[in-house]
Amino acid sequence: MNTRLREIAAELAAAPRDFQVELLLEHARDFPPLPDAFQAARDAGLGRIHECQAEVYFFPQVTTESGRQTVHLHADIPGHAPTQRALVGILIDAYDGATPEEVAAIPDDLLRQLGVAALLGPQRQHGFAGVLSRLKHGVAEAAA
Amino acid sequence: MSDAAHPEILVSTDWVAKHLADTDRIRVIESNEDVLLYATGHLHNAVHVDWQTDLQDPDVRDYISQDQFEALCSRLGIRPDTTLVFYGDKSNWWATYAFWTFTMFGHADCRVMDGGRTKWEAEGRTLTTDVPAFESTDYTAQHPEPSIRAFRDDVLAHMNAGGPMVDVRSPAEYIGEISHAPHSPASEPALRAGHIPGASNVPWGRAANADGTFKSRDELEAIYLDEQGLNPSEETITYCRIGERSSHTWFVLRYLLGFDNVRNYDGSWTEWGNLVGAPVEKGVPDNASEIAG
């Protein structure tokens with residue numbers, strides 16, 4: 001986990017269940033809008049992650065400047081899907097602007113480390129594992 | 001839908017709006033795919049039941065015990081004679097799943113608000129974030145109906161007897177294409193793709209209108225009776241991937257079309273597609289019209 005994700009995890013993991021719900025809803029509300037440049041791709045169904053019940057579109061990019069690679073994360077989650085917006089929003093918050101190596105090092109049991117596994121239940125954890133896997137793979141491909 | 005086989009089971013958003021204050025006799029229960037949705041706003045006096053964290057055992061792949069179910073109802077202030085009204089997101093997909101579960105555990109008076117959250121919101125009706133608290137009860141379930149649940153051995157026997165089954169997943173899942181992308185594990189993986197031999201394919205959403213309500217009886221009869229040739233007097237089994245979408249179709253067949261004996265196979269494809277030796281049929285059936293839509 002990078003520094004920002006550790007901050008988020010520390011806050012979430014220490015919170016009682018009701019407050020975790022409030023914190024997650026805050027992350028969901030902070031979910032950034034999809035930039036116009038990606039909307040045509042989203043409308044064409046590109047970037048769709050099929051592991052989720054909710055529609056999740058992910059557009060990871062990597063740019064290189066002065067030899068340093070930077071990850072840019074853009075995503076869209078239409079409709080009423082606060083849980084996916086919260087979890088994907090946390091990833092964007094922590095890793096937009098990070099390096100590909102940082103993304104590759106995101107722990108696969110992130111939800112357990114965030115302390116929200118029990119709140120979500122097993123199926124939703126599997127769904128999010130698909131999102132995380134796609135993110136890591138997409139960033140690794142873009143960085144190659 | 002006034003012409004449903006059991007019309008009293010479906011209540012309208014209007015009816016619910018008029019009865020929200022009647023908490024002595026009625027408990028409104030929201031059940032969604034998304035565990036945080038209730039917290040963003042819900043019907044006044046509605047309580048939240050989550051299909052995973054409230055209704056499923058965290059260790060064993062099964063529902064909670066009868067005792068835990070009774071404790072849940074007690075905590076929500078439900079008595080055996082309380083009218084329960086379920087509603088939720090996704091055309092009441094999860095509401096019907098909770099409805100099925102509560103019926104199996106033995107709550108007698110369960111209803112569904114036609115249209116669910118989608119229709120309630122589309123009508124501009126009020127939502128609140130206030131979480132109600134009701135005096136707890138000492139609940140005992142009166143009418144358990146374990147017969148509405150099919151286990152894998154029931155399904156095997158049913159298949160061998162040529163009994164009708166409805167696979168409510170998407171055509172791609174039914175045909176046996178691998179629908180998940182490379183490098184991305186499916187969220188509920190099955191080692192084999194296809195369907196249970198003899199099952200017909202009617203994606204669950206065909207029973208729902210765009211506004212979240214159920215289709216009319218005529219429209220439903222055209223799909224399930226005329227097109228698929230199902231017979232309301234024949235024992236029928238529904239299944240999907242984990243038994244939730246198929247509870248929507250179970251509800252349609254039992255209450256809207258009046259099927260006498262319909263069971264939901266909650267083990268569904270994540271069990272069948274992983275069972276050693278379980279027969280699997282792939283591809284389009286002889287009657288290709290069965291997968292239309």
Practice prompt. Please give every one of the lysines within straight-line cross-link reach of residue B:215, meaning a C-alpha to C-alpha distance under 19 Å, and leave out same-chain neighbours fewer than 8 residues apart.
Written response: B:90, B:119
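Treating only the Cβ of Lys, Arg, Asp and Glu as charged (+1, +1, -1, -1), what charge dipole size does chain A show about its Cα centre? Round to the nearest 20 debye.
Working: 12 positive and 19 negative charges, 54 e Å.
The calculation lands at about 260 debye.
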Fill in: Neighbour-limited loop hits for GluC sites (Glu not before Pro), the range B:95-182 (at most 12 other Cβ within 10 Å; DSSP other than H, G, I, E, B)
B:123, B:135
Worksheet item: Of A:25, A:138, B:17, whose Cα points farthest to the positive end of the dipole of the protein assembly as shown (charges on the beta-carbon: +1 Lys, Arg; -1 Asp, Glu; origin at the Cα centre)?
Response: A:138
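To the nearest 20 debye, what is the magnitude of the charge dipole of chain B about its Cα centre, counting +1 on the Cβ of each Lys and Arg and -1 on the Cβ of each Asp and Glu?
Working: 23 positive and 46 negative charges, 58 e Å.
About 280 debye.
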Discussion item. If the elastic network links every pair of Cα atoms under 10 Å, which of B:129, B:213, B:249 fluctuates the most in the Gaussian network model of chain B?
Written reply: B:129
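Per residue of the protein assembly as shown, what 222 nm ellipticity follows from adding -39500 (n - 2.57) for every DSSP H run with n ≥ 4, rounded to the nearest 500? The partial results should precede the final answer.
Details: 18 runs with 152 residues, N = 437.
Result for the protein assembly as shown: -9500 deg cm²/dmol, rounded to the nearest 500.
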Discussion item. Need the list of aspartates and glutamates near residue A:136 for cross-linking: C-alpha distance under 12 angstrom, and skip anything on the same chain fewer than eight residues off.
Written reply: A:101, A:102, A:108
Worksheet item: Taking square-rooted eigenvalues a ≥ b ≥ c of the alpha carbon gyration tensor, is the range B:123-277 rounded, prolate or oblate, where a/c under 1.5 means rounded and, failing that, a/b exceeding b/c means prolate?
Response: rounded
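Values quoted throughout were computed directly from the atomic coordinates according to the rules given, and no laboratory measurement underlies them. Note that the structure is a prediction, hence the values are computed from the model and not measured. Here the Cβ is made from the backbone with ideal geometry for all residues, glycine too, and neighbour counts use every protein chain on show.
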